[in-house]
Amino acid sequence: MQKEKIRYTFIPTSLGLVAIAKSQKGICFLGLGEREVLEKEIKHFFPQANLEQLDPAFLEKLTYQIENPQKQLSWQLDMRGTAFQQKVWSILLTIPPGQTRTYSWLAQQVGNPRAIRAVARACSQNKIAILIPCHRIIRKNGKVSGYRWGIKIKEELLKKESLFVFYT
């Protein structure tokens, strides 16, 4: 049996360096941070991944999406996780740019209003930043909290989407 081919590369954005990994099915990883950390994470999740330049038109479209997250473009995603995680991530895809929801709303949507911690954990396990918009989930009190890629990035994404106002 042939090994699955995962290709990845890095692109600079206004949010910092972005790593993008792609399988035959679609985008399987999109992360933000330092190159060494991102590369280590990709190799952990996808040991067979190869550093390769991806299609320039694809990278241009992706860069546009990152810089303009209020515009929702269509993407082929390869969401890898448990059935519960995939259900949470699929629900996240229904939240329009510029809008936020709470962890309790998300728990209700998955059919278990008491599963707030479980949906928060599913958000933290999301490997496809920005495109699966975990950044649109906030606390019940309206405050921005936990984001795998950092609160600063979460706030920046929300600002880009809707001119979200933060109160300290």
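The values are calculated or read from the model by the stated rules, or taken from the named source; none is laboratory data. Bear in mind that the values here come from a model prediction, so they are computed numbers and not experimental data. Note that we place each Cβ from the backbone using ideal geometry, even for glycine, and neighbour counts take in every protein chain shown.
I'd like to check something: does the range 126-146 contain any residue that is farther than 21 Å from Phe29 by Cβ, of a type in the set (A, V, I, L, M), free of Cβ contacts under 8 Å to residues at least 40 places away in the same chain and part of a loop (DSSP other than H, G, I, E, B)? So far as the range 126-146 goes, yes, one or more of its residues are farther than 21 Å from Phe29 by Cβ, of a type in the set (A, V, I, L, M), free of Cβ contacts under 8 Å to residues at least 40 places away in the same chain and part of a loop (DSSP other than H, G, I, E, B).
All told, Lys25 meets the bar of being part of a loop (DSSP other than H, G, I, E, B) and of a type in the set (D, E, K, R).
For the range 38-97, the candidate set comprises residues that are hydroxyl-bearing (Ser, Thr, Tyr) and outside any loop (DSSP other than H, G, I, E, B); within that set, the residue that is nearest to the chain's Cα centre (by Cα) is Ser90. Only a single item in (1) touching a Gly at 6+ places or on another chain (Cβ under 9 Å); (2) surrounded by 19 or more Cβ atoms within 10 Å (Cβ to Cβ) is not met by Ile6, and it is number (1). Filtered by the rule that a residue be in contact with a helix residue (DSSP H, G or I) (Cβ under 7 Å, 6 or more places away or on another chain) and either of a type in the set (Val, Ile, Thr) or surrounded by 18 or more Cβ atoms within 10 Å (Cβ to Cβ) (or both), the range 102-119 gives Tyr103, Leu106, Ala107, Gln109, Val110, Ala115, Ile116, Val119.
Can you work out which of the residues in the range 38-53 that are under 16 Å from Ile11 (Cβ atoms) and surrounded by fewer than 16 Cβ atoms within 10 Å (Cβ to Cβ) is modelled with the highest pLDDT? Among residues in the range 38-53 that are under 16 Å from Ile11 (Cβ atoms) and surrounded by fewer than 16 Cβ atoms within 10 Å (Cβ to Cβ), the one modelled with the highest pLDDT is Glu52. Hey, Ala122 hits all of (1) under 13 Å from the mean Cα position of the chain (by Cα); (2) in a loop (DSSP other than H, G, I, E, B); (3) among the small types (Gly, Ala, Ser) but one; which does it fall short on? In the conditions (1) under 13 Å from the mean Cα position of the chain (by Cα); (2) in a loop (DSSP other than H, G, I, E, B); (3) among the small types (Gly, Ala, Ser), Ala122 misses (2) alone.
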